[in-house]
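Enquirer: For reference, the structure I am asking about is given below.
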Amino acid sequence: MKRLFLLVCMLGLSLTTAASEINIVPKPLRVEPAEGSFTVTSQTPVVAGQDKELLRVGRLFAGMVEPVVGRNLPVKKSTDDAAIVLSVDGSLGEEAYLLSVTPEGIAVQGGSPKGVLYGLQSLRQLVVDGKGVVPAVKITDKPFFAYRGAMLDVVRHFMPVEDVKAFIDIVAMHKLNRFHWHLTDDQGWRIDIRKYPDLARVGSVRKETLFGHLRTSSEYDGRPYGGYYTQSEIREVVAYAAERYVEVIPEIEMPGHALGALTPYPWLGCRGENYEVWTRWGISSDVFCAGKETTFEFIENVLAEVIDLFPSKYIHIGGDECPKARWKECPYCQQRMKENGLQNEEQLQSYFMQRVEKWLHGHGREIIGWDEILQGGISKTATVMSWRGSKGGIAAAKAGNKAIMAPNTHCYLDYNQTSEPRYEPLANGKFLPVRMVYALDPYDQLTEAERAFILGVQANLWTEYIPDFFHAKHMLLPRLAALSEVGWAYDRKDFEDFRRRMAHFRRTYDVAGYNYATYFFDGKDE
Ligand code: TNX
């Protein structure tokens, strides 16, 4: 009897041990630990049947676990050996997957190859964590939100194609599915547009850059700074992202943040002369002229090339931080207001955005705009990206507009990570620890019916104080993991449980060779 009791205790113990070995971020929907384990070695085949897409996904996985299990895990159509077997089960949701590990082998079923890749991202974490030994388990998983994004600003600091691809790898690793690419701003224009070659040639270069923080410095580095993507590089990035089931959403900023365009083509502005690609951060009062027809002609020509390069349903057209001083003094803008019965310059901005939206609609696309597009009236079909807190997104959802939550209070990864900025590299200054990212409630203040308008969440990485991609990773990781859990997980009430799983997930960062911030892991971020 005593023996039996002991046995039951031991069994119970081993079961709980097994359970605690399953540590995945973002948290899966259901995890059912089982007895035993399976060891993935360099000989373990990944089997994908006849499906070319699955073979490709299998090879991606082989690359991801190579540092742990060794080179060239064989990816095959079939095998008699114990293996990692990939398959598509159309009865599952597109992004859903089942991961089953038994001592005999591993099966990853996805609703589509995308779901299979998500299953493999989870398996990757288990392989890394156990150095190849994966505890038996059955995982049933699918994402909570359809839109799970990350934005990279390549204007304030330029990131070469290789870095953008690495950013996409990080996005995919966190089971995010949108890459918002901020391509134009006051400090540069970073996408080649064939019809206007001076956008890239002239608009991408600033003569120098502010040194130090915007609030305290008036020193400049005296060095010209530039960079842009050719159209073939853009296509390369879009294809690279698509292979990882990440959709690229380009952002072409208007009517504000426009000096990258006004400098080479001064007729785009109200004053019409003397513009210079900005060397400081902040908000320039020179913006696109909303009165002249030639502005809209330019924007349509630019967008025609943009939609040819980016197949995404959404095109982001900015709309934030557009000072109205120039419009107030501009005869063209005032004339436009009179002709269209517009009461004030907010309504002129609204005219601007809706006119561009209409053009994009005519070409089969939808727009996303920053929450300022709510001012002065918004069309029913625009999607609002809430950044000045959540209130813009809440207002949008209440008005029946779709919204994406990216509030600076929770999603701005350019902010400081600790309450002791003096121990951190120079950053924006505001304080945003992992805990705050995790605390985002995208449904705050919304009724059941209004919640349907929240498409999802996004982290934003503005790069005023991020000179290169090494530093970008320090700002992104591990906060992006907290955001990914907000976007993916059904159950995220337990921050301590997240913290415990992160202690394992960081090994996947280590194995991938990622630079990440350690404040959170060392308990020094509060
Ligand atoms: C606000 S978010 C901006 C960006 C800055 C960022 C710095 C938004 C739509 N505009 O231009 O880079 O703050 O945190």
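Enquirer: Can you tell me which aspartates and glutamates have their Cα less than 19 Å from the Cα of Lys165? Leave out same-chain residues fewer than eight positions away.
Expert: Glu66, Asp153, Asp192, Glu233, Glu236, Glu243, Glu247, Glu251, Asp468, Asp510
Enquirer: Let me ask something additional. Calculate, for the chain, the solvent-accessible area per residue in square angstrom, rolling a 1.4 angstrom probe over the heavy atoms of the protein chains.
Expert: Here the residues of the chain average 40 Å² of exposed surface.
Enquirer: Cα axis of helix 345-362 to longest principal axis of the chain: angle in degrees, 0 to 90, nearest 10?
Expert: Orientation of helix 345-362: about 60 degrees from the principal axis.
Enquirer: Ok, one more. Hey, could you get me the Stokes-Einstein D for the chain, Kirkwood radius over alpha-carbon pairs, 10 °C and 1.306 mPa s, rounded to whole µm² s⁻¹?
Expert: Translational D for this selection: 65 µm²/s.
Enquirer: Give me the net charge of Phe498's neighbourhood, meaning all other residues with Cβ under 13 Å from the Cβ of Phe498; Lys, Arg count +1, Asp, Glu -1.
Expert: Once all neighbours under 13 Å are counted, the net charge is +4.
Enquirer: Counting alpha carbon pairs within less than 8 Å and at least 6 residues apart, what relative contact order, in whole percent, applies to the chain?
Expert: For the chain, the relative contact order is 14 percent.
Enquirer: List the lysines whose Cα lies under 25 Å from the Cα of Lys138, skipping any in the same chain that are fewer than 8 positions away.
Expert: Leaving aside lysines fewer than 8 places away in the same chain, those within reach of Lys138 are Lys27, Lys76, Lys77, Lys114, Lys175, Lys493.
Enquirer: Set the Förster distance to 41 Å, then compute FRET efficiency between Gln231 and Val133 from the Cβ-Cβ distance, nearest 0.05.
Expert: 0.30
Enquirer: Here is a follow-up. DSSP beta bridges in the chain, what fraction antiparallel, as a percent rounded to 5?
Expert: 35
Enquirer: Under 23 Å Cα to Cα from Lys338, which lysines show up? Leave out anything in the same chain fewer than 8 places away.
Expert: Here the lysines satisfying the reach criterion relative to Lys338 are Lys292, Lys324, Lys328, Lys358.
Enquirer: Can I ask one more? Rounded to whole Hz and in sequence order, give me ³J(HN,Hα) for the range 328-336 from the Karplus expression 6.51 cos²θ - 1.76 cosθ + 1.60, θ = phi - 60°, writing x for Gly and Pro.
Expert: Couplings: 5, 9, 8, x, 5, 5, 5, 4, 4 Hz.
Enquirer: Still on this structure, please answer the following. Only sites in a loop by DSSP and with at most 16 other Cβ atoms within 10 Å count here; which trypsin sites (Lys or Arg not before Pro) in the range 159-262 make the cut?
Expert: For trypsin sites (Lys or Arg not before Pro) across the range 159-262 that sit outside H, G, I, E and B with at most 16 neighbouring Cβ atoms in 10 Å, the list reads Arg194, Lys195, Lys207, Arg215.
Enquirer: Something else now. Count the net charge of all other residues whose Cβ sits under 12 Å from the Cβ of Ala304, scoring Lys and Arg as +1 and Asp and Glu as -1.
Expert: Once all neighbours under 12 Å are counted, the net charge is -1.
Enquirer: Report the antiparallel proportion of the DSSP beta bridges in the range 65-168 as a percent, rounded to a multiple of 5.
Expert: So the antiparallel bridges in the range 65-168 amount to around 70 percent.
Enquirer: Leaving out ligands, DNA and RNA, what percent of the accessible area of the chain is carbon and sulfur, probe 1.4 Å?
Expert: Whole-percent figure for carbon plus sulfur exposure: 53.
Enquirer: Can you pull out the GluC sites (Glu not before Pro) in the range 151-260 that DSSP calls coil and that have at most 16 other Cβ atoms within 10 Å?
Expert: Glu208
Enquirer: Quick one: angle between helix 293-309 and the longest Cα principal axis of the chain, in degrees between 0 and 90, rounded to 10, please.
Expert: Once rounded, the angle reads 20 degrees.
The values are calculated or read from the model by the stated rules, or taken from the named source; none is laboratory data. Treat the numbers as computed from the prediction; the structure is a model and nothing was measured. Backbone-built Cβ (ideal geometry, glycine too); neighbour counts: all protein chains shown. SASA here: full protein model, heavy atoms, side chains in, ligands and nucleic acids out. Shrake-Rupley method; radii C 1.70, N 1.55, O 1.52, S 1.80 Å.
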